[in-house]
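Visitor: This is the structure I want to talk about, given as structure tokens.
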Ligand SMILES: Nc1nc2c(ncn2[C@@H]2O[C@H](COP(=O)(O)OP(=O)(O)OP(=O)(O)O)[C@@H](O)[C@H]2O)c(=O)[nH]1
């Protein structure tokens with residue numbers, strides 16, 4: 001696969017506003033040659049070679065950069081928000097709403113330093129037509145993957161996603177000589193909420209707890225629910241104080257939350273930091289043992305964190 005940085009590889013006779021009628025005519029003739037039926041078909045085939053959104057955007061930009069000088073390319077839809085690698089903002093933004101038979105797919109935004117000419121827009125419109133179906137397929141694929149990786153009740157990552165992310169985070173940490181932190185959480189006496197107030201209230205409590213966790217972490221940390229009342233927080237670039245801070249925040253937030261304090265809901269957290277000899281299994285087992293000790297302590301002292 002071609003992975004050149006297209007933004008550093010631009011050339012274009014169309015890249016600025018055409019200044020003379022001769023320029024316009026030359027551009028128009030090239031445009032007509034470029035978008036013969038055969039050419040259109042081969043572009044669609046090219047874009048159809050991948051379902052990966054980043055690769056598709058890269059393939060598309062290799063074509064687009066031949067006709068337009070842009071410093072950034074961004075795509076946003078209901079579920080996707082992605083930028084071409086190396087994208088930078090520029091003086092202007094030109095947005096195109098991409099549609100298939102009036103159905104909105106998403107918005108493609110070009111960051112440009114000179115306004116677009118009419119011929120630029122016409123060429124891009126044609127390129128977008130070639131892109132639209134491959135893009136729609138790639139978005140559907142992305143949505144399906146997201147769904148498969150998500151816990152349906154809370155929207156947090158599920159156990160399968162956790163396994164992937166833990167592996168990726170530990171790999172990165174080893175490369176960059178940083179450390180991953182892992183916090184496992186388990187609600188205390190959650191079953192009693194289901195038993196006493198019903199499953200719907202139990203669900204509401206799980207959602208509320210997930211929202212609390214979201215507020216207690218940084219953007220670079222990730223959250224997961226393993227099912228039931230078990231949660232995990234993956235902390236990148238972690239250290240002892242980052243873990244302590246999260247534990248402190250969760251504990252405070254639980255006490256301050258109106259719904260959860262009404263049910264006197266507590267949570268036990270078990271945390272650990274990665275060491276260089278760790279495998280995914282060993283770091284998880286250590287966090288799990290820490291959680292087990294906290295649960296045992298909590299049960300013994302009949303207190304909540
Ligand atoms: N409402 C709701 N309950 C769930 C869901 N998934 C699992 N549960 C329930 O969560 C409860 C978990 O019970 P336990 O594992 O005993 O946890 P606990 O009551 O917090 O016990 P300790 O952890 O020992 O304090 C079980 O009753 C499950 O049926 C869910 O999606 N929604």
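Visitor: Between residues in the stretch 177-195 that are more than 18 Å from residue 280 (Cβ to Cβ) and residues that are part of a strand (DSSP E or B) and away from the ligand (no atom under 16 Å from the Cβ), which pairs lie under 9 Å by C-beta distance while being six or more apart or on different chains?
Guide: Once the first residue is more than 18 Å from residue 280 (Cβ to Cβ) and sits in the stretch 177-195, its partners that are part of a strand (DSSP E or B) and away from the ligand (no atom under 16 Å from the Cβ) give 185/233.
Visitor: Of everything in the stretch 191-229, what is under 20 Å from residue 157 (Cβ atoms) and within 8 Å of the ligand (Cβ to nearest atom)? Give them in sequence order.
Guide: Quick first cut of the stretch 191-229, residues under 20 Å from residue 157 (Cβ atoms) only: 203, 205-229.
Result: 203, 205, 206, 227, 228, 229.
Visitor: Quick check on my filter: what residues within the stretch 150-182 are within 16 Å of the ligand (Cβ to nearest atom) and either under 22 Å from residue 292 (Cβ atoms) or under 16 Å from the mean Cα position of the chain (by Cα) (or both)?
Guide: Listed by number, the residues that qualify are 150, 151, 155, 156, 157, 158, 159.
Visitor: When the residues of the stretch 230-240 are filtered to those that are more than 10 Å from the ligand (Cβ to nearest atom) and outside any loop (DSSP other than H, G, I, E, B), which remaining residue is modelled with the lowest pLDDT? Even if it seems obvious, please write down each step before you answer.
Guide: Residues of the stretch 230-240 that are more than 10 Å from the ligand (Cβ to nearest atom), as a first pass: 231-240.
Next, from what is left, pick out any that are outside any loop (DSSP other than H, G, I, E, B): 231-235, 240.
Details: 231: 97, 232: 98, 233: 97, 234: 97, 235: 97, 240: 94.
My answer is 240.
Visitor: Being modelled with pLDDT under 95, out of contact with any strand residue (DSSP E or B) (no Cβ under 7 Å at 6 or more places or on another chain), within 16 Å of the ligand (Cβ to nearest atom) and assigned by TED's automatic domain parsing to the domain that holds residue 177: is that true of residue 296 here? Full working, then the answer.
Guide: Details: modelled with pLDDT under 95: yes; out of contact with any strand residue (DSSP E or B) (no Cβ under 7 Å at 6 or more places or on another chain): yes; within 16 Å of the ligand (Cβ to nearest atom): yes; assigned by TED's automatic domain parsing to the domain that holds residue 177: yes.
Yes: the conditions hold for residue 296.
Visitor: Also, quick follow-up: State all residues of the stretch 254-266 that are part of a helix (DSSP H, G or I) and buried (at least 18 other Cβ atoms within 10 Å of the Cβ); if no residue qualifies, say none. Even if it seems obvious, please write down each step before you answer.
Guide: Filtering the stretch 254-266 down to residues part of a helix (DSSP H, G or I) leaves 254-256, 258-262.
Passing the criteria: 254, 260.
Visitor: Being assigned to a strand (DSSP E or B), within 25 Å of the chain's Cα centre (by Cα) and surrounded by 15 or more Cβ atoms within 10 Å (Cβ to Cβ) narrows it down to one of 223, 213, 269, so name that one.
Guide: Details: 213 fails: assigned to a strand (DSSP E or B); 269 fails: within 25 Å of the chain's Cα centre (by Cα).
Matching residue, one of 223, 213, 269: 223.
Visitor: Which residue, of 277, 287, 253, is in contact with a strand residue (DSSP E or B) (Cβ under 9 Å, 6 or more places away or on another chain) and assigned by TED's automatic domain parsing to the domain that holds residue 189?
Guide: Values: 277 fails: in contact with a strand residue (DSSP E or B) (Cβ under 9 Å, 6 or more places away or on another chain); 253 fails: in contact with a strand residue (DSSP E or B) (Cβ under 9 Å, 6 or more places away or on another chain).
Of 277, 287, 253, the one residue that is in contact with a strand residue (DSSP E or B) (Cβ under 9 Å, 6 or more places away or on another chain) and assigned by TED's automatic domain parsing to the domain that holds residue 189 is 287.
The values are calculated or read from the model by the stated rules, or taken from the named source; none is laboratory data. Because the structure is a prediction, the values reported are computed rather than measured. Positions of Cβ are backbone-derived with ideal geometry, glycine not excepted, and every protein chain shown enters the neighbour counts.
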